[in-house]
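Just below is one structure, and these are the notes that go with it.
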Amino acid sequence: MRIDCWMSAVCVCTILAGRAFGCFCFSTPICSDIRTLSQSSAVFVGRVVEAWPSRRVLAGESQHLSLDQLRHLILQRWGGVLSAEEVRYIRSSPDRETIAIRFAFMQRVRFVVGEVFAGPPIREIYRDAADCGYPFGSDRAYLVNSVRDGSRYRTGACSRTGRVESDDAVEDLKALRAWKSGSPLPPRIYGRILFGHSRPDIRVRLIQDRGERSVRVGADGGFSFDGLENTQYRLQVQDGRGSGERVIPLAPRVLRGHTMV
């Protein structure tokens, strides 16, 4: 049985990993790391206005270049963006494939930003346009979760970046907006049974010393336990094929004078 579990005000990483755009990712809710958001992160909602160079250009132009030609292309394109250490690496490394993957497929994505949750008010991020890069679409709005990479910020397929209307982004935005307002959400555990793995006999239980609670799984595979306490729970999912379980400690965390769980 495959189960992905997420949490809103109280977070837990996925029970199992999932593949995203050719990368092996663990989908970690933003609120799992919300206490550590700082100047090393830039988290915002923005609408894409430009992605340069295009994916078509990136896919075709470097295929038949020699190592020296590839170096020249990268240094010319990203002059002023690369750090001195990166420039030295590009000029000296004999590993053409590594240079190509790391820099030749780098793409700049620019946004009109609507909300800023963490970090400076940046307007652009850089991403890998190959398999591990997030596939931004023109004129679409995204919740962007990026991290500082030298003088720039980058994001990727495993970063929890997503379209604002996606299930993950909707839940992450609830937690981010509550955190920003200083009114954290009450403890909650929620999750989703992956598509194709739900069955009519499936049971989802939340167990603690005082007893247990069970909920029905929705048509979309979703379930939720609300109004919880700051204590340890066991989340158990069971059907005729077997069962899966994980321990989830809901311990209070102090943040900016507030108790956040």
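The values are calculated or read from the model by the stated rules, or taken from the named source; none is laboratory data. Note that the structure is a prediction, hence the values are computed from the model and not measured. Cβ sites come from the backbone with ideal geometry, for glycine too, and all protein chains shown count toward neighbours.
What is the residue count in the range 83-118 for residues that are over 19 Å from Ala42 (Cβ atoms) and not small (Gly, Ala, Ser)?
Residues that pass the stated criteria total 17.
How many residues are charged (D, E, K, R), in a strand (DSSP E or B), within 14 Å of the chain's Cα centre (by Cα) and within 20 Å of Leu176 (Cβ to Cβ) if we restrict to the range 111-165?
Within the range 111-165, residues that are charged (D, E, K, R), in a strand (DSSP E or B), within 14 Å of the chain's Cα centre (by Cα) and within 20 Å of Leu176 (Cβ to Cβ) number 2.
In the range 82-105, how many residues are under 27 Å from Asn145 (Cβ atoms) and loosely packed, with under 14 Cβ neighbours inside 10 Å?
3
Of all the residues that make up the range 209-230, how many are surrounded by 13 or more Cβ atoms within 10 Å (Cβ to Cβ), of a type in the set (D, E, K, R) and modelled with pLDDT under 85?
Residues in the range 209-230 being surrounded by 13 or more Cβ atoms within 10 Å (Cβ to Cβ), of a type in the set (D, E, K, R) and modelled with pLDDT under 85: 1 in total.
Given the conditions (1) surrounded by fewer than 19 Cβ atoms within 10 Å (Cβ to Cβ); (2) assigned to a loop (DSSP other than H, G, I, E, B), which single one is not true for Arg108?
In the conditions (1) surrounded by fewer than 19 Cβ atoms within 10 Å (Cβ to Cβ); (2) assigned to a loop (DSSP other than H, G, I, E, B), Arg108 misses (2) alone.
Only one of (1) closer than 19 Å to Arg246 by Cβ; (2) touching a strand residue (DSSP E or B) at 6+ places or on another chain (Cβ under 8 Å); (3) among the acidic types (Asp, Glu) is not met by Asp209, so which one is it?
(2) is the only condition that Asp209 fails.
Just to be sure, is Tyr190 within 30 Å of Ile99 (Cβ to Cβ) and either part of a loop (DSSP other than H, G, I, E, B) or of a type in the set (Phe, Trp, Tyr) (or both)?
no
Looking at Val147, Val113, Val170 in this structure, which one is farther than 18 Å from Trp52 by Cβ and either surrounded by 15 or more Cβ atoms within 10 Å (Cβ to Cβ) or of a type in the set (Lys, Arg) (or both)?
After ruling out the rest, the residue left standing is Val147.
Any residue at all in the range 31-47 that's modelled with pLDDT of 90 or more, surrounded by fewer than 18 Cβ atoms within 10 Å (Cβ to Cβ) and more than 27 Å from Lys180 (Cα to Cα)?
No.
Given the conditions (1) touching a residue at least 60 places away in the same chain (Cβ under 8 Å); (2) closer than 20 Å to Pro120 by Cα, report the number of the one that Tyr134 does not fulfil.
Going through the list (1) touching a residue at least 60 places away in the same chain (Cβ under 8 Å); (2) closer than 20 Å to Pro120 by Cα, Tyr134 breaks only (2).
When the range 84-123 is examined, which residues are found to be small (Gly, Ala, Ser) and under 17 Å from His72 (Cβ atoms)?
If the condition is that a residue be small (Gly, Ala, Ser) and under 17 Å from His72 (Cβ atoms), then Ser92, Ser93, Ala100, Ala104 are the ones that fit.
Mind listing whichever residues of the range 88-124 are β-branched (Val, Ile, Thr) and closer than 18 Å to Leu65 by Cβ?
Listed by number, the residues that qualify are Ile90, Thr98, Ile99, Ile101.
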